[in-house]
1. Could you tell me how many of the residues in region 147-181 are modelled with pLDDT under 50 and surrounded by 10 or more Cβ atoms within 10 Å (Cβ to Cβ)?
2. Within region 114-131, does at least one residue satisfy the condition of being under 13 Å from the mean Cα position of the chain (by Cα), of a type in the set (A, V, I, L, M) and more than 24 Å from residue 55 (Cβ to Cβ)?
3. Among the residues of region 125-146, are any within 30 Å of residue 62 (Cα to Cα), of a type in the set (Phe, Trp, Tyr) and either assigned to a helix (DSSP H, G or I) or modelled with pLDDT of 95 or more (or both)?
4. Is there a residue being touching a helix residue (DSSP H, G or I) at 6+ places or on another chain (Cβ under 7 Å) and either surrounded by 10 or more Cβ atoms within 10 Å (Cβ to Cβ) or not hydroxyl-bearing (Ser, Thr, Tyr) (or both) anywhere in region 14-22?
5. In contact with a His (Cβ under 6 Å, 6 or more places away or on another chain) and not aromatic (Phe, Trp, Tyr): does that describe residue 37?
6. Does residue 44 count as at pLDDT 85 or above, farther than 21 Å from residue 110 by Cα and outside the structural domain of residue 135 (by TED's automatic domain parsing)?
7. With the requirement that a residue be assigned to a helix (DSSP H, G or I) and free of Cβ contacts under 8 Å to residues at least 60 places away in the same chain, what does region 147-165 give you?
8. Quick check on residue 119: is it farther than 15 Å from residue 171 by Cβ and in the same structural domain as residue 32 (by TED's automatic domain parsing)?
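The values are calculated or read from the model by the stated rules, or taken from the named source; none is laboratory data. Please read these numbers as outputs of a predicted model, since none were measured by experiment. Backbone-built Cβ (ideal geometry, glycine too); neighbour counts: all protein chains shown.
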Amino acid sequence: MDPSIWYVLIVVLAVVAGAAFFYVQQQKTRQLRARFGPEYDRSLQETGDRRRAEAELAKREERVARLDIQPLYPQDRERFSNAWRSVQAQFVDDPGRSIAEADRLVTELMRVRGYPIADFEQRAADVSVDHPHVVENYRAAYAIARRSSRGEATTEDLRQAMVHYRALFEDLLEAEPIPEKELHDDRASYRAA
């Protein structure tokens, strides 16, 4: 075979491989954008580099995939719902304390669902995988709660924090309850838990 034909074949194969690589990268970007929504843009803005942002988001997905995130049992859902109503009712009399309690309640709900709760930034990153459209609410509420603990938040700030916490709380609470048929067969031990 003529060497020029080999060169043409090599160039054609390189172009095809490059196009395939570009297509795969575009698909990866589209999938991450669709999955993470505004969190994709936030990560891109923070890193300033699409590849680094996408690598960070992919690492989050891998980390959360290794976690044992669980749906809520009906009694847990009810318990958390009641506690949230109490926190909201408390807001009128003591907004600062109510926000601190909302933060504690959201953290507890995350723990019960199976999210690690040691560090806020890690919690936010982990939650962003399954709840990307409300994680920014969590960040905003948390920032206001920190300002409130230093006496630097207005009542309007605290009201806004409550709205933000509620968005995340409801998203975490509504995630796929355990179907009745999958509950423990031993109802006595289930109710005692």
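1. Selection size over region 147-181: 2.
2. For region 114-131, residues under 13 Å from the mean Cα position of the chain (by Cα), of a type in the set (A, V, I, L, M) and more than 24 Å from residue 55 (Cβ to Cβ): present.
3. Looking through region 125-146, at least one residue is within 30 Å of residue 62 (Cα to Cα), of a type in the set (Phe, Trp, Tyr) and either assigned to a helix (DSSP H, G or I) or modelled with pLDDT of 95 or more (or both).
4. no
5. For residue 37, the condition - in contact with a His (Cβ under 6 Å, 6 or more places away or on another chain) and not aromatic (Phe, Trp, Tyr) - is met.
6. yes
7. 147, 148, 149, 156, 157, 160, 163, 164
8. no
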